[in-house]
1. Whenever you get a sec, compute what percent of the accessible area on the chain sits on carbon and sulfur atoms (1.4 Å probe).
2. Rg and Dmax in Å for region 96-217, alpha carbons only: what are they?
3. Which of D149, D134, D18 moves the most in a Gaussian network model of the chain with Cα springs under 10 Å?
4. Work out how much length H24 to H184 would gain on full extension: take 0.36 nm times their residue separation and subtract the Cα-Cα distance, in nm to one decimal.
5. Working out 0.36 nm times the residue gap between Q97 and Q121, then minus their Cα-Cα distance, what length gain in nm do you get to one decimal?
6. Note the count of lysine pairs whose C-alpha atoms are less than 20 angstrom apart in region 31-140, limited to pairs 8 or more residues apart or on different chains.
7. Any idea of the accessible area per residue across the chain, 1.4 Å probe, to the nearest Å²?
8. Sort out for me the Cα centre separation of region 17-63 from region 175-221, rounded to whole Å.
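The values are calculated or read from the model by the stated rules, or taken from the named source; none is laboratory data. Please read all numbers here as calculations on a predicted model, not as lab measurements. Using ideal geometry, Cβ is built from the backbone for each residue, glycine included, and neighbour counts are taken over all protein chains shown. Accessible surface areas use protein heavy atoms only, side chains included; no ligands, DNA or RNA. Shrake-Rupley method; radii C 1.70, N 1.55, O 1.52, S 1.80 Å.
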Amino acid sequence: MTDWTGKYIENFYRVLYDAYGLRHWWPSDSPFETIIGAILAQNVTWTGASTAISALISAGLMDPDKLFNARDEIIATHIYSSRYYNQKTKKIRNFLQFFLTEFDGSVERMKTEPVEKLRIQLLGLKGFGPETVDSILLYALEKPIFVVDAYTRRIGERQGWFDEKASYEMMQNFFMSRLSPDIHLYNDFHAQIVYLGNQVCKKTPRCNVCPVRNNLILPGCTYPGNKI
Ligand code: SF4
């Protein structure tokens, strides 16, 4: 059985970084936009979320007070491309209510709170699961927390890191117990995993172009198709 050391996980990241370069994630002009983007990106392609973000910006609504004062129908119309637009309008409103009440709409003020407290508060908002909350904490608030998702699960299963029944927390702990709490590393590592899962380690994996396939500094992927 392979011993998945911190060094191994760092090497895994290094191989992806060398292959794909810095991913520059999350693409946005402000932390507030990143937060709204994390909500809009739920269960949709990035293209769909990105179109909705652009529509809110064009309408002058990418601002906590202006967005809060906009009618639900107006918000829903602008975020139509993100799918589930009525649900997402409610989620945006839930967040804004919390954000304006607790932090007066200031990301800087929100950042001063400890990550553990913020995580509990955000998870308490209706419609906010761990992936959305951790994306907000890492990418908007620069808190050292590792984001995992469906791509992480697929790649991790195929690598032999965890099985298909692993919980979100188990997957997250796999990384956080092995890596130092470095927000730059956490930021780009998750982005690299998303890129690998989206472009290469797809449902039907493209092992022949995968940079982690039988790499000399890695023990090798356990996925059967990798051996062909
Ligand atoms: S070798 Fe194949 S199965 Fe393994 S991570 Fe790469 S693409 Fe996925």
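1. Details: 5910 of 11550 Å².
The computed percentage sits at 51.
2. Taking only Cα atoms of region 96-217, I get Rg and Dmax of 16.3, 53 Å.
3. Fluctuation is largest for D18.
4. Values: separation 160, 0.36 × 160 = 57.60 nm, distance 1.02 nm.
Length gained between H24 and H184: 56.6 nm.
5. Working: separation 24, 0.36 × 24 = 8.64 nm, distance 1.24 nm.
Gain on stretching Q97 to Q121: 7.4 nm.
6. Values: K66/K88; K66/K90; K66/K91; K88/K126; K90/K126; K91/K117; K91/K126; K117/K126.
The number of close lysine pairs in region 31-140 is 8.
7. Details: 11550 Å² over 228 residues.
Value returned for the chain: 51 Å² of accessible area per residue.
8. What the calculation gives is 22 Å, centre to centre.
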